[in-house]
1. Give the residue that is surrounded by the most Cβ atoms within 10 Å (Cβ to Cβ), with candidates limited to residues of region 258-272 that are over 16 Å from residue 204 (Cβ atoms) and either polar (S, T, N, Q) or touching a helix residue (DSSP H, G or I) at 6+ places or on another chain (Cβ under 6 Å) (or both).
2. In the list 139, 146, which residue meets the criterion of being within 17 Å of the chain's Cα centre (by Cα), touching a residue at least 12 places away in the same chain (Cβ under 8 Å) and surrounded by fewer than 24 Cβ atoms within 10 Å (Cβ to Cβ)?
3. Among the numbered criteria (1) at positive phi; (2) in contact (Cβ under 8 Å) with a residue 12 or more places away in the chain, which single criterion is violated by residue 165?
4. Quick one: is residue 90 surrounded by fewer than 18 Cβ atoms within 10 Å (Cβ to Cβ), modelled with pLDDT of 95 or more, closer than 24 Å to residue 62 by Cβ and more than 17 Å from the chain's Cα centre (by Cα)?
5. Mind listing whichever residues of region 1-58 are within 29 Å of residue 96 (Cβ to Cβ), small (Gly, Ala, Ser) and touching a residue at least 24 places away in the same chain (Cβ under 8 Å)?
6. Somewhere in region 22-42, is a residue in a helix (DSSP H, G or I), farther than 27 Å from residue 232 by Cβ, of a type in the set (A, V, I, L, M) and under 16 Å from the mean Cα position of the chain (by Cα)?
7. When region 43-77 is examined, which residues are found to be part of a helix (DSSP H, G or I) and polar (S, T, N, Q)?
8. Inspect region 3-16 for any residue being touching a His at 6+ places or on another chain (Cβ under 7 Å) and not in a loop (DSSP other than H, G, I, E, B) and give the result as yes or no.
Amino acid sequence: MLEEFEKFLQTHLFETKSFHPHFNEAYKKMFEVGGKRFRPLLLLNVVEALNPLLLKNAMYAALAIEMIHTYSLIHDDLPSMDNAPLRRGSPTLHVSYDEVTAILVADALNTDAFRILSMMPIDAKTRIELCKILSSNAGSDGMVLGQAIDCYFEKKPLNEKQLTFLHLHKTGKLIACALQMGALIGGVTEDTQKEFYDFGLKLGLLFQIHDDIIDATKSSSEVGKPTKHDKDKNSFVNLFGLSGAIKIRDEKIVELEKLSAFFGEKLNIFFCKILGNNFK
């Protein structure tokens, strides 16, 4: 499935005709250097389990969410935020080109995500609902709000409730959104879509706790981005210590492995596989 998605991605990224010397190159660069494609694969595996006939159609939604995620990484790496020199083992866009190019490429990806979603071959009502889900989880009540809180409260410690709120918005909501979009495309009820979404929030929180642990324990060469730079940020490692964060992570893995049985055998196997491969 990953190979199919990569082919779709490379053939459906937009290309602008202009005399700008490197805009198209910069636009595609972050996709060409790779990535786990974690969010689009969540969406696609849900669709495959629920309604495999719609898998090819769902590629549009999967690409849209990967475009949103990629724009957020470009912005996160900017000098005004993390000022990171590496992403996915490659120089960040503001390093390879300049800060203006990085900002505008990210802006374009944010906008073009909804352009590609509008082209999805599915009924108009579903397209509108997909746009609503993606925008609400990526925007001012989702990922963007989480990033704003993360930046504002740097060097200002948060309590556990506040930290959870931060991580659920910055990381959790886009992961939850991927599962909900897949469930919507798959044709399940609103109540079942909510079950997928709530599971995704828990998965997203686990994802961020594990990322905090990686930052504290791995080298930049191992993960392809700067590490050991979260000492001033709000993280589960800084709040509970490394051993405490690992304990919380492991407890959440067990919880999610149990919850995944709700989604049936095929998705249970898939979710348990990603829990085992990505968080242990």
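1. Step one: list which residues in region 258-272 are over 16 Å from residue 204 (Cβ atoms), which gives 258, 261-270, 272.
Imposing the further condition that a residue be either polar (S, T, N, Q) or touching a helix residue (DSSP H, G or I) at 6+ places or on another chain (Cβ under 6 Å) (or both) reduces the set to 261, 266-268, 270, 272.
Details: 261: 12, 266: 13, 267: 21, 268: 17, 270: 19, 272: 15.
Going through the qualifying residues, I end up with 267.
2. Working: 139 fails: touching a residue at least 12 places away in the same chain (Cβ under 8 Å).
Going through 139, 146 in turn, just one is within 17 Å of the chain's Cα centre (by Cα), touching a residue at least 12 places away in the same chain (Cβ under 8 Å) and surrounded by fewer than 24 Cβ atoms within 10 Å (Cβ to Cβ): 146.
3. That leaves (1) as the condition not met.
4. Taking the combined requirement at face value, the residue does not satisfy it.
5. Within region 1-58, 26, 34, 35 meet the criteria.
6. Going through region 22-42, the residues in a helix (DSSP H, G or I) turn out to be 23-32, 38-42.
Next, only the ones that are farther than 27 Å from residue 232 by Cβ stay: 23-29, 31-32, 39-42.
Imposing the further condition that a residue be of a type in the set (A, V, I, L, M) reduces the set to 26, 41-42.
Keeping just the survivors that are under 16 Å from the mean Cα position of the chain (by Cα) gives 41-42.
Checked region 22-42: at least one residue is in a helix (DSSP H, G or I), farther than 27 Å from residue 232 by Cβ, of a type in the set (A, V, I, L, M) and under 16 Å from the mean Cα position of the chain (by Cα).
7. We begin by selecting, within region 43-77, every residue part of a helix (DSSP H, G or I); these are 43-50, 52-76.
Correct list: 45, 57, 70, 72.
8. Narrowing region 3-16 to residues touching a His at 6+ places or on another chain (Cβ under 7 Å): none.
No, there is no match, as no residue in region 3-16 is touching a His at 6+ places or on another chain (Cβ under 7 Å) and not in a loop (DSSP other than H, G, I, E, B).
The values are calculated or read from the model by the stated rules, or taken from the named source; none is laboratory data. Computed from a prediction, not measured in an experiment: that's the story for all the values here. Heads up, the Cβs are rebuilt from the backbone with ideal geometry, glycines too, and the neighbour counts pull from every protein chain shown.
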